[in-house]
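Shown next, in structure tokens, is the structure this report addresses.
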Amino acid sequence: MFRGDLGYRPGVANTFTSLHYYVTFSTKNREPRIHRSIEQRVWSYLGGIARENDMKPLLIGGIENHLHLLLGISASLSVSQALQLIKGGSSGWMKETFQGMGGFAWQDGYAAFTVSKSQIPEVEEYIRGQREHHRVKSFEEEYRAFLDRHEIDYKEEYVFG
């Protein structure tokens, strides 16, 4: 509701936000390319890209064929810009840093969902439990379940490119 009678209030020039996102995406074709021997380096590198670009990486984790990020993103950066920076900046590094990764790539898309401050501990617990979680559920099942849970319409043939 707009109330024109309140007038201009000088001194209220700053913008304050608390914007948290849960994001998930896979390796190209869900290939198991992020081996346990390198995963901590990969998660740390992704966190470094986030920090360099004014994002706050709260937690990054995953398994061999996909990852999960819990990020704080400033209002001046769109989610798509943030993911372009993270994915683009890390794929080249993966190819250069790890032997046998010459053809490495991330999937073209991603799934992103807003997270309230009160839900951050629950999302962190979910990310930390990925190895156990994926003993009974594939990434594809998990991804579709997120889309369904959040009532996102999709065509099956386009979900994984």
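The values are calculated or read from the model by the stated rules, or taken from the named source; none is laboratory data. Computed from a prediction, not measured in an experiment: that's the story for all the values here. FYI the Cβ positions are ideal-geometry reconstructions off the backbone, even for glycines, and counts take in every protein chain you see. The protein model used for the area step is the full one, side chains on, heavy atoms only, and it has no ligands, DNA or RNA in it. Shrake-Rupley method; radii C 1.70, N 1.55, O 1.52, S 1.80 Å.
Can you give me the % of accessible surface on the chain that is carbon or sulfur? Probe 1.4 Å, all protein chains present, nothing else counted. Provide the component values of the computation, followed by the final result.
Details: 4800 of 10000 Å².
With neighbouring chains kept in place, the figure for the chain is 48 percent.
Report the extension gain between LEU77 and ASP153 in nm, rounded to one decimal, defined as 0.36 nm multiplied by the number of residues separating them, less their alpha carbon distance. Kindly include the intermediate steps, with their values, before the conclusion.
Numbers: separation 76, 0.36 × 76 = 27.36 nm, distance 2.50 nm.
Extra length from LEU77 to ASP153 when fully extended: 24.9 nm.
Evaluate E = 1/(1 + (r/R0)^6) for ASN14 and GLU132, where r is the Cβ-Cβ distance and R0 equals 41 Å; express this FRET efficiency to the nearest 0.05. Don't skip to the end; give the middle numbers.
On the way: r = 43 Å, r/R0 = 1.05.
Working from the Cβ atoms, E equals 0.45.
Taking only the alpha carbons of the range 9-70, what extent do you get along each of the three principal axes, in Å, biggest first?
Projected onto the principal axes, the Cα atoms of the range 9-70 cover 56, 19, 15 Å.
Give the accessible area for ASP148 in Å² (nearest 10); use a 1.4 Å probe, count only protein heavy atoms, and leave out ligands, DNA and RNA.
Taking all protein chains as shown, ASP148 has close to 90 Å².
In nm, give the distance between the simple-model label positions of ARG41 and GLU141, each being 7 Å from the Cα along the Cα-to-Cβ direction.
3.3 nm
What list of ³J(HN,Hα) couplings, whole Hz, do you get for the range 66-78 from phi and the Karplus terms 6.51, -1.76, 1.60, once you set θ to phi - 60° and write x for glycine and proline?
Going residue by residue, I get 6, 9, 10, 10, 10, 10, x, 10, 5, 5, 7, 10, 6 Hz, with x marking Gly and Pro.
I'd like the FRET efficiency for LYS56 and SER118, computed as 1/(1 + (r/R0)^6) with the beta carbon distance as r and R0 of 22 Å, rounded to 0.05. Can you show the working numbers first?
Details: r = 17 Å, r/R0 = 0.77.
For R0 = 22 Å, the calculated efficiency reads 0.85.
Equivalent-ellipsoid semi-axes (√(5λ), Cα gyration tensor) for the range 72-121, whole Å, largest first? Could you put the intermediate results ahead of the total?
Details: eigenvalues 150, 31, 20 Å².
Values for the range 72-121, descending: 27, 12, 10 Å.
Regarding the chain, what whole-number volume in Å³ per residue does the convex hull of its Cα atoms give?
Values: hull volume 23.7 nm³, N = 161.
Enclosed volume per residue, from the Cα hull, is 147 Å³.
For the chain, what relative contact order do you get, as a whole percent, if you take Cα pairs closer than 8 Å and at least 6 residues apart? Present the calculation step by step, with values, prior to reporting the outcome.
On the way: 194 pairs, mean separation 46.4, N = 161.
The value is 29 percent.
Return one whole number: the accessible area per residue of the range 70-112 in Å², for a 1.4 Å probe. All intermediate terms of the calculation are to be shown ahead of the outcome.
On the way: 1950 Å² over 43 residues.
Dividing the accessible area of the range 70-112 by its residue count gives 45 Å².
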